[in-house]
Structure formats: C-alpha cells, structure tokens
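The values are calculated or read from the model by the stated rules, or taken from the named source; none is laboratory data. Source: prediction; values computed, not measured. Positions of Cβ are generated from backbone atoms using ideal geometry, with glycine treated the same way; all protein chains shown enter the neighbour counts.
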C-alpha cells in the first residue's frame, strides 16, 4: 500500500464539458502551493491524487486548505488491487493501531465492473472485522470510527477521516478582476469571496500623502499579503490620489466630496482594469452602511464606468462581515487605526441621494482627466506573495 492524499472536487463536478479546464487549473494551483515539495499529482474526473510526500502531511494539509476548488481532503492508502480479500486484509492491518469500540464501513464503488454493490461490500468487510477483531461492534448512526472504502478503476483506496476544503472554483478559471482594496474590514472580505468564485484578483489602493500615512499603506500591503495565499500572488496597484483629492476638496461643495471622490476612483479603477485585461471591478460596499453606499449613491457613482461592479458583501450586515474577516485572518490588521483616503476629509453631512447632473457640473470645476492621467502614469505596482521576505506587519 502507498500513503497518499485524495482531493474531492465537490462543485467542480457540475462543470461537465469544461471540467478539464477546471481540474487542470486546480492541479496547477496545488503545484504552485506545494512547489517546495517533490510530489506527483494525477487526476481523473472523480479524484485528484497527490503522491510522494514524506512525513509532513500536517503542513501540506494546511496549505491545501488555502486552495479554492477543493471540497474535501483525505489522507488515505492506495491498494493496487480490486480484490475484496486483499481489501479486507489491508483494512484489518491498518486498524491495528487504532483504538475504537464501534465502527461502520462506507463503500463507494465507482468501478461498475465489480459485481457486488457498495452495500454488499460494506457488509462483507464489516462481517470480516467482527469475526477477526474482538471488542468491537457496528454502529451505523454514531460510530467512533468510520472506515471509508473507494473502489475505482485502477485500484482501491482506504481512509478514516476527511478534512473540509474551501470549496468554490480554482483561482484563474473565471478570469480577472480589480479589487478596490482599502484598509477597512469590508474590502478584504469582498476580495476573498470573489477569489472563491475562481476570479484571479489584482488590487488597487489609493494613498493620499501626507494626509494618509506610510503605516496606512503598509496596512493595505499586509492585507494584500493575506489575500495572496488564496490568490497565489497579488499585484497591488498604488495610486497617489493627493492632487485629485485636494482639488475636489477645494472646488466641490463639501456635501458632494465623497460622491465625486468615489466617481474618480471608479474611473481610475476601470482604466487599470482595462490595462490589466480585467473584466470586473470588486469592492466592499454594503448597502446603506455609509452615505456613498445608499442605492442612489451607488447608481450615481456607477454611472462613470461600464465594467460590471461586483459587491460580494452588499447584503451582509457588519457583524456577518466581521465574522468572515476573523475567519480569514484579516480582521486584526483591518482594525489598526490608520486612516485611508475614504476616511479623511469626510464632510459633516454628506449627500445620501446625489444628483448625477449636479455631479457632472461640479466635475467641470476640476481638470480631473489630466489629474487621472498623471496619477495612473506615475502609479506604483507591487507584486506580493504569501512568502514575501519583507514583513509589512512588523512596520505597522
């Protein structure tokens, strides 16, 4: 027998004619994550098999739990035989070191050339164990040990536990998007949820020195680094927004500051997206959370772009978003008290039902096209990976 890891696909099995693309991409993502391991990865339409690992299964399992497209992860044993007597012997051998009093056997027989049904195989293996191992009994409802048997085309597989994966689609199978990444709680969660649907993300951050600090920038880089472990890596576009923001503050009625600022950000995001061949913009807006996130505000801001804007947390309340942020380990970084562009120069009474025509008139007061051109021409690009040597968290 050979010890190995089995990957179960879950949702990917619904991709009938396109499944090979999804499985090939999943294999590449696993290889990228396990590039320091000398492993062999093979797959069919039912399972993916990872062989050649030494004894570092716990470390590998942690890495696999950060890869979208995996429904379940199993550490099991491969038997190059379809013979039921061989399976019985190997199951019995594997149980020598296990302490249990009740058990059940669950068999999945995808190889239909085997005459006996899954239920018949489970019953026969169970009867064999009862006969040959003392002090155990069958409990199909609440067993202390479940013995899983899979009989596939080229062999049989035995395992005892399954670990949940992240689900979703492999990153890169559904194209690319631009995440408008602030230093807040919401946008990293929106990014995580978008990556889960197979979208490879690049991120866009607006800084406004000296009004925003280096710590605020490093905070966003740290958030991008966390997201990179799900995204393989992440390209972070950093736009100096100072001149644009100051022009808005000096020339636009203050109740419209946030609305006009967001319209400028959207214009820049779309240009970056087009240059990066991204198909969507992604942000962390939640309906009604702030003045710029009322339905009227969203509509007015959206009018300056023609790319789809995806808002994964639009219908979540703050507590739900915080729960996910804690789960993906972005929360503690997000709550660090460094202001970003969206929190400086906030008026006392921002408009909640902005008028599009008024926005267009106010925007004529500033040379925003030239300012946008300059900001994009001079913007900074960082490529961030999970294993980046520079630890930005220590700079916060």
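Taking the stated definitions as given, is residue 273 assigned to a helix (DSSP H, G or I), under 24 Å from residue 197 (Cβ atoms) and assigned by TED's automatic domain parsing to the domain that holds residue 244?
It is true that residue 273 is assigned to a helix (DSSP H, G or I), under 24 Å from residue 197 (Cβ atoms) and assigned by TED's automatic domain parsing to the domain that holds residue 244.
Can you name the residue in the range 73-88 that is touching a helix residue (DSSP H, G or I) at 6+ places or on another chain (Cβ under 6 Å) and more than 15 Å from residue 153 (Cβ to Cβ) and is also surrounded by the most Cβ atoms within 10 Å (Cβ to Cβ) among such residues?
Among residues in the range 73-88 that are touching a helix residue (DSSP H, G or I) at 6+ places or on another chain (Cβ under 6 Å) and more than 15 Å from residue 153 (Cβ to Cβ), the one surrounded by the most Cβ atoms within 10 Å (Cβ to Cβ) is 73.
Residue under question is residue 322, and the condition is that it be in contact (Cβ under 8 Å) with a residue 60 or more places away in the chain, under 23 Å from the mean Cα position of the chain (by Cα) and either crowded, with 18+ Cβ neighbours inside 10 Å or not assigned by TED's automatic domain parsing to the domain that holds residue 376 (or both); does it hold?
no
For the range 11-23, which positions are surrounded by fewer than 18 Cβ atoms within 10 Å (Cβ to Cβ) and touching a strand residue (DSSP E or B) at 6+ places or on another chain (Cβ under 8 Å)?
11
Just to be sure I understand, how many residues within the range 206-227 are part of a helix (DSSP H, G or I) and either over 23 Å from the mean Cα position of the chain (by Cα) or not assigned by TED's automatic domain parsing to the domain that holds residue 324 (or both)?
Result for the range 206-227: 3.
How many residues are surrounded by 14 or more Cβ atoms within 10 Å (Cβ to Cβ), within 30 Å of residue 33 (Cβ to Cβ) and out of contact with any strand residue (DSSP E or B) (no Cβ under 6 Å at 6 or more places or on another chain) if we restrict to the range 338-389?
Within the range 338-389, residues that are surrounded by 14 or more Cβ atoms within 10 Å (Cβ to Cβ), within 30 Å of residue 33 (Cβ to Cβ) and out of contact with any strand residue (DSSP E or B) (no Cβ under 6 Å at 6 or more places or on another chain) number 2.
Does at least one position in the range 245-259 carry a residue that is buried (at least 17 other Cβ atoms within 10 Å of the Cβ) and assigned to a loop (DSSP other than H, G, I, E, B)?
Yes, the range 245-259 contains at least one residue that is buried (at least 17 other Cβ atoms within 10 Å of the Cβ) and assigned to a loop (DSSP other than H, G, I, E, B).
To keep it simple, each residue is scored yes or no on (1) in contact with a strand residue (DSSP E or B) (Cβ under 6 Å, 6 or more places away or on another chain); (2) at pLDDT below 95.
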| site | (1), (2) |
| --- | --- |
| 281 | yes, no |
| 293 | no, yes |
| 300 | no, no |
| 304 | no, no |
| 313 | no, no |
| 322 | no, no |
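Conditions first: (1) farther than 24 Å from residue 27 by Cβ; (2) modelled with pLDDT under 95. Residue 221 passes all but one, so which condition is the exception?
Only one criterion in (1) farther than 24 Å from residue 27 by Cβ; (2) modelled with pLDDT under 95 is unmet by residue 221, namely (2).
Taking the stated definitions as given, is residue 38 over 22 Å from the mean Cα position of the chain (by Cα) and either outside the structural domain of residue 123 (by TED's automatic domain parsing) or loosely packed, with under 14 Cβ neighbours inside 10 Å (or both)? Steps first, please.
Numbers: over 22 Å from the mean Cα position of the chain (by Cα): yes; either outside the structural domain of residue 123 (by TED's automatic domain parsing) or loosely packed, with under 14 Cβ neighbours inside 10 Å (or both): yes.
Judged against the criteria, residue 38 is a match.
Mind listing just one residue for me: the one in the range 115-127 that is part of a loop (DSSP other than H, G, I, E, B) and over 39 Å from the mean Cα position of the chain (by Cα) and, of those, surrounded by the most Cβ atoms within 10 Å (Cβ to Cβ)?
Only one residue tops the list, namely 116.
From the list 6, 26, 62, which one is within 21 Å of the chain's Cα centre (by Cα), loosely packed, with under 13 Cβ neighbours inside 10 Å and assigned by TED's automatic domain parsing to the domain that holds residue 147?
Only one candidate qualifies: 62.
Looking at 314, 329, which is the one that is in the same structural domain as residue 199 (by TED's automatic domain parsing), over 21 Å from residue 244 (Cβ atoms), under 20 Å from the mean Cα position of the chain (by Cα) and surrounded by 15 or more Cβ atoms within 10 Å (Cβ to Cβ)?
It is 314.
If you check every pair at least six apart or on different chains, which have Cβ atoms under 7 Å apart with a residue in the range 357-386 that is in contact (Cβ under 8 Å) with a residue 24 or more places away in the chain and assigned by TED's automatic domain parsing to the domain that holds residue 228 first and a residue that is part of a loop (DSSP other than H, G, I, E, B) and surrounded by 14 or more Cβ atoms within 10 Å (Cβ to Cβ) second?
Short answer, once both residue conditions are applied: 362/252; 365/252; 375/241.
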